[in-house]
Amino acid sequence: MASYRKELYVHDRGRDRNVHTVIRNYTEQDFDGLIRIQQESFPPPFPSELWWNKEQLANHVRLFPEGALCVEIDGEPAASITGLIVDFDPAHAEHTWEEVTDAGYIRNHNPRGNSLYIVDISARPAYRKLGLGKWLLLSMYEVVVQLRLERLLGGGRLPGYHRVAGEMSADAYVEAVLAGELNDPVMTFLLRCGRTPVKLVPNYLDDEESHHYAMLMEWRNPFLGSPSEPGRHG
């Protein structure tokens with residue numbers, strides 16, 4: 001697959017200006033900047049051992065460079081997204097983040113799989129009003145289409161759940177977010193990016209804010225038939 005590169009302007013609402021950005025595959029030269037994104041995006045109580053390390057990043061660019069994208073602004077990474085290909089069976093949807101991503105090392109990347117699984121998406125707080133996360137997901141949809149995969153898939157944290165966990169179950173929280181009665185920083189964002197719910201997964205990640213839940217959500221490739229029909233791997 002050819003390397004990915006897209007240039008565009010995004011609007012900075014805070015400063016009422018347009019910002020030139022580049023979305024591209026990240027490389028070894030970006031590793032320090034990518035680790036900085038993680039540190040700023042996931043401060044404590046998020047476990048620091050879940051931030052990227054250079055061995056993980058080296059695997060991303062070696063095993064599946066098509067799934068390793070970043071947004072470059074002013075010559076440095078401002079946001080990133082990482083994925084791997086898995087063979088997903090909706091009948092056995094429950095899993096943990098550690099299992100499905102090989103704890104972020106993606107040594108289980110399966111080029112013959114049917115789904116692009118999102119390992120991580122994050123943006124430096126100073127750039128979050130630019131909509132970079134949505135642009136990265138849209139770019140990954142393009143990767144799904146080009147590789148003729150069935151879907152993009154990933155588990156979304158529920159960081160707003162801890163505020164109401166004493167009043168409602170996780171299932172009720174998800175239903176309230178879907179109905180627009182509550183706003184969750186991650187799930188609501190994913191819904192706005194075109195993702196649809198698949199399954200609420202318990203014990204997905206060591207994440208106190210989410211009470212360890214995640215909402216498994218997908219985006220289906222509209223250029224293929226139903227997931228049971230032959231696609232890239234039929």
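The values are calculated or read from the model by the stated rules, or taken from the named source; none is laboratory data. Keep in mind that this is a model prediction, so the values were computed, not measured. Note: ideal-geometry Cβ built from the backbone for every residue, glycine included; neighbour counts use all protein chains shown.
A few points about this structure:
- Residue match in the stretch 22-33 (condition: part of a helix (DSSP H, G or I) and under 19 Å from residue 139 (Cβ atoms)): yes
- So residue 143, is it assigned to a helix (DSSP H, G or I) and aliphatic (A, V, I, L, M): yes
- Qualifying residue in the stretch 97-115 (condition: touching a helix residue (DSSP H, G or I) at 6+ places or on another chain (Cβ under 7 Å), assigned to a strand (DSSP E or B), in the same structural domain as residue 53 (by TED's automatic domain parsing) and closer than 19 Å to residue 220 by Cα): no
- Residues in the stretch 16-35 include at least one that is touching a strand residue (DSSP E or B) at 6+ places or on another chain (Cβ under 8 Å), touching a residue at least 24 places away in the same chain (Cβ under 8 Å), in the same structural domain as residue 66 (by TED's automatic domain parsing) and within 24 Å of residue 209 (Cα to Cα).
- From the list 191, 224, 178, 200, the lone residue that is farther than 28 Å from residue 47 by Cβ, free of Cβ contacts under 8 Å to residues at least 40 places away in the same chain and of a type outside the set (Lys, Arg) is 178.
- Filter result (of a type in the set (Gly, Ala, Ser) and either closer than 15 Å to residue 156 by Cα or under 14 Å from the mean Cα position of the chain (by Cα) (or both)) within the stretch 96-111: 104
- Of the criteria (1) under 18 Å from residue 192 (Cβ atoms); (2) in the same structural domain as residue 65 (by TED's automatic domain parsing); (3) surrounded by fewer than 18 Cβ atoms within 10 Å (Cβ to Cβ), which one residue 125 fails: (1)
- Looking only at the stretch 203-212, residues that are without any contact (Cβ under 8 Å) to a residue 40 or more places away in the chain and among the aliphatic types (A, V, I, L, M) come to 0 in all.
- For the stretch 43-58, the set of residues classified as in contact with a helix residue (DSSP H, G or I) (Cβ under 7 Å, 6 or more places away or on another chain) and either touching a residue at least 60 places away in the same chain (Cβ under 8 Å) or among the polar types (S, T, N, Q) (or both) consists of 52 only.
- For the stretch 153-192, taking the residues that are among the charged types (D, E, K, R) and not in a loop (DSSP other than H, G, I, E, B), the one that is nearest to residue 210 (Cα to Cα) is identified as 157.
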